[in-house]
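*Asks:* Attaching a single structure in structure tokens format; questions to follow.
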Amino acid sequence: MECDQPRMTGERLAGYINSLPDRRARTALARSCGSRHWVDAMLAARPFPSDAALFAAAEREWWALRREDWLEAFGNHPRIGERASDPWARSEQAGVRGAGAGAGDETRAALAQGNREYEDRFGYVFLICATGKSAGEMLDALRGRLANDPATELRVAAGEQAKITRLRLDKVTAS
């Protein structure tokens, strides 16, 4: 599944999220997005009449958050190319570490260097919806985004988080 082509889910996700007790719903939503305020807003928006309404609420609540909330969510992601403990992050970054198709040593070193430059420039982890992207594509994006001014880059990174959240929400009922 590509970042820009999320799977349609019918109505199973909304029903599942609606049926969970608050504590379990909080855990499920937090796997999709690491912002506590986003999770709180999503819990308050329940029940969702449909998956489309849930996805619309996720998008609306994400863009209503403050910079600090976005940074909290960004901080829940591993650096591109680093070994992730979360199975979803490992799967999303398969283009870097995947068997056979993974990046070579030179590309991994360039990603590590780019991650350091990015964090020095912007103060947070480089965030990209990595699903379906090769290491080279991620490296090209990282290098291109280093030229952004801080305000533009924050919006770009927030857009990438929104894509990641959408994809991860789609995985909630599968886990």
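*Asks:* Calculate, for Leu20 and Ala64, the FRET efficiency according to 1/(1 + (r/R0)^6) with r their C-beta to C-beta distance and R0 22 Å; round to the nearest 0.05.
*Replies:* Result of the calculation: an efficiency of 0.45.
*Asks:* Okay, moving on. Using 1/(1 + (r/R0)^6) with R0 = 30 angstrom and r between the beta carbons of Thr152 and Glu106, what's the FRET efficiency to the nearest 0.05?
*Replies:* With R0 = 30 Å, the Cβ-Cβ based efficiency is 0.55.
*Asks:* Size of the dipole of the range 12-70 about the Cα centre, Lys and Arg at +1 and Asp and Glu at -1 on the beta carbon, nothing else charged, in debye to 20?
*Replies:* My answer is approximately 180 debye.
FYI, it's all coordinate maths here, none of it is from the lab. This one's a predicted model, so the numbers in the text were calculated from it and none came from an experiment. Cβ: placed from backbone, ideal geometry, glycine included. Neighbour counts: every protein chain shown.
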